[in-house]
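So the structure is just underneath, and the comments pick up after that.
The values are calculated or read from the model by the stated rules, or taken from the named source; none is laboratory data. Everything numeric here is computed off the predicted structure, so don't read it as measured data. When we count neighbours, we look across all protein chains shown, and the Cβ atoms used for this are built from the backbone with ideal geometry, even at glycine.
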Amino acid sequence: MSESELVVTDARAALVGELSVRRALPTRGRRTVGAWCFIDHMGPATLSPDNLFGVAPHPHIGLQTVTWLFDGALVHRDSLGSEQLIRPGQLNLMTSGAGIVHSEENPGLTSGELHGAQLWVALPTKTRDGVAAFAHHTDLPRFELTNGEGVVLVGSINDVRSPARHDSDLVGLELTLRPGQNVIPLEPTFEYAMVVIRGAVGVKGETIKPGHLAYLGLGRDEINVSTTENSVALLLGGVPFEESIVMWWNFVARSQEEISSAYESWAKSDERFGPVDSKLSRIEVGAPPWFRSNR
Ligand code: MN
């Protein structure tokens with residue numbers, strides 16, 4: 001595609017626990033945007049005694065999970081012993097390294113509304129087999145736009161820099177837009193994609209609504225966006241991720257063998273993946289289609 005092209009694809013509906021999500025990445029034709037390799041727009045949903053959102057303990061390898069809420073609250077628990085309530089405007093950033101287990105649970109504290117995003121970042125080779133970590137950021141930097149404002153979740157825009165860890169050159173921004181025009185500065189060496197969370201955002205003559213991925217390519221130093229109603233969007237970008245990844249279930253790796261090894265560790269409950277202090281019982285999964293046990 002040319003550098004100035006805009007490609008809009010449909011997100012697909014999926015279920016995470018009991019919660020409906022719109023999975024904007026990966027798509028059939030696109031695995032990554034920078035190192036971003038997974039974009040779930042969760043809800044909005046009303047939780048009730050019959051619909052108690054909770055994702056029971058499950059493992060990850062080779063990625064960071066980036067959790068960002070627009071409404072409601074979740075409790076994160078992991079095998080490092082972390083227990084962290086997250087609310088809108090706060091960032092949970094979990095770095096799996098070679099292996100971690102976590103749950104994300106409804107704390108039962110709010111009116112029952114839940115609306116958020118969970119994003120994954122593929123870790124580069126230099127850190128993907130490293131030590132697991134968890135961070136909670138409550139004071140992320142903001143920036144002003146002509147007709148709106150933004151929050152830097154990770155990376156930077158101009159000189160406004162997030163304290164969140166990132167292991168490759170990338171950026172994640174929340175844009176809160178009032179009716180009117182805005183010019184967003186971009187890094188020309190980054191490719192970008194936008195996901196609209198609320199409202200509608202006009203980009204390059206198209207109107208982007210929730211449930212789509214608007215891929216913007218690379219080579220731009222700015223993008224014009226226009227809105228006729230109050231809107232919220234995520235703008236994600238990064239240097240194109242050159243390492244070829246294999247994704248299966250909750251694992252990001254470089255080969256089927258690596259995935260098989262992680263699957264087998266989870267299935268056998270060996271020491272690779274530690275316990276999580278959760279009342280929910282762990283998620284089991286069937287073997288990957290290529291899997292043959294060595295024993
Ligand atoms: Mn997870």
Practice item. Pull up segment 98-148, narrow it to residues that are within 16 Å of the ligand (Cβ to nearest atom) and aromatic (F, W, Y), then point me to the one that is surrounded by the fewest Cβ atoms within 10 Å (Cβ to Cβ). Key: F134
Check your understanding: Looking only at segment 225-248, which residues are free of Cβ contacts under 8 Å to residues at least 40 places away in the same chain and either of a type in the set (S, T, Y) or closer than 24 Å to G286 by Cα (or both)?
Key -> S244, V246
Exercise for review: Run down W290, W248 and say which single residue is within 16 Å of the ligand (Cβ to nearest atom) and in contact with a helix residue (DSSP H, G or I) (Cβ under 7 Å, 6 or more places away or on another chain).
Suggested key: W248
**Study point:** Matching residues, segment 268-282, being surrounded by 14 or more Cβ atoms within 10 Å (Cβ to Cβ) and over 20 Å from G97 (Cβ atoms)
**Key:** S278, L280
Check your understanding: Quick one: what pairs do we get from segment 61-83, first residue on the phi < 0 side of the Ramachandran plot and of a type outside the set (G, A, S), second at pLDDT below 95 and within 11 Å of the ligand (Cβ to nearest atom), C-beta under 6 Å, 6+ apart or different chains?
Key -> L74/E104; H76/E104
Practice item. Only residues that are part of a strand (DSSP E or B), without any contact (Cβ under 8 Å) to a residue 40 or more places away in the chain and small (G, A, S): list them for segment 184-221, please. Key: G202
Point to revise | Scan of segment 37-80 for residues that are away from the ligand (no atom under 11 Å from the Cβ), among the small types (G, A, S) and part of a strand (DSSP E or B), ordered by number | key: G43, A45, S48, G54
Study note, to complete from the structure: Counting only residues in segment 28-62 that are among the polar types (S, T, N, Q) and in contact with an Asp or Glu (Cβ under 8 Å, 6 or more places away or on another chain), the one farthest from R282 (Cα to Cα) is identified as T46
Review point. Which condition number in (1) outside any strand (DSSP E or B); (2) among the polar types (S, T, N, Q); (3) modelled with pLDDT of 95 or more is the one that S2 fails?
Key: (3)
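Listed here are the residues, each with its yes/no results for (1) at positive phi; (2) of a type in the set (A, V, I, L, M); (3) surrounded by fewer than 19 Cβ atoms within 10 Å (Cβ to Cβ); (4) in contact with a helix residue (DSSP H, G or I) (Cβ under 8 Å, 6 or more places away or on another chain).
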| site | (1), (2), (3), (4) |
| --- | --- |
| R28 | no, no, yes, no |
| R31 | no, no, yes, no |
| G34 | yes, no, no, no |
| H41 | no, no, no, no |
| P44 | no, no, yes, no |
| L47 | no, yes, no, no |
| F53 | no, no, no, no |
| P57 | no, no, no, no |
